[in-house]
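A short write-up of the structure that comes next.
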Amino acid sequence: TPYFWPTQQWPVEDTDYAIYLAKRNIRKKGILELHEQEQYNHLHKWMNHKWDFIVMQAKEQYRAAKERKKPDRVVFDCQERAYWVVHRPP
């Protein structure tokens, strides 16, 4: 996915990271890694005023991902995870 390519140089925003963590939280049924859980809780407190929007976006992206073929979904998940490990390291 070109969005995650390093050459794109997209600005890293807290809202995008919050959506990513919310999506992972949905997918993993509440079991996140320790550093992700801390960030999730911090962002939830900090962005409480728009948390409904973040969760809605995460659910929508999760549903869209389920409609993809499994190999495409796995590649997208790996790219997204690598993007966030680089931009928000543990």
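The values are calculated or read from the model by the stated rules, or taken from the named source; none is laboratory data. Computed from a prediction, not measured in an experiment: that's the story for all the values here. With ideal geometry, Cβ positions are generated from the backbone for all residues, glycine too; neighbour counts draw on all protein chains shown. Areas reflect the complete protein model, heavy atoms only, side chains present, ligands, DNA and RNA absent. Shrake-Rupley method; radii C 1.70, N 1.55, O 1.52, S 1.80 Å.
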Among residues of segment 29-57 being among the aliphatic types (A, V, I, L, M) and open to solvent by 80 Å² or more (accessible area, probe 1.4 Å), the residue farthest from Ala82 (Cα to Cα) is Met56
Contact list please: Cβ distance under 6 Å, first residue in segment 61-86 and open to solvent by less than 80 Å² (accessible area, probe 1.4 Å), second residue aromatic (Phe, Trp, Tyr), pairs at least six apart or on different chains. Gln79/Phe4; Tyr83/Phe4; Trp84/Tyr20
Val12 vs (1) free of Cβ contacts under 8 Å to residues at least 40 places away in the same chain; (2) open to solvent by less than 90 Å² (accessible area, probe 1.4 Å); (3) within 13 Å of the chain's Cα centre (by Cα): all pass except (1)
Failed item in (1) in contact with a Lys or Arg (Cβ under 9 Å, 6 or more places away or on another chain); (2) β-branched (Val, Ile, Thr); (3) over 15 Å from Val85 (Cα atoms), with Val12 passing the rest: (3)
Determine whether Ile26 is in contact with a Ser or Thr (Cβ under 8 Å, 6 or more places away or on another chain), among the aliphatic types (A, V, I, L, M), surrounded by 11 or more Cβ atoms within 10 Å (Cβ to Cβ) and not in a loop (DSSP other than H, G, I, E, B). no
With the condition kept exactly as written, say whether any residue in segment 41-48 is in contact with a Leu (Cβ under 8 Å, 6 or more places away or on another chain) and closer than 16 Å to Glu13 by Cα. yes
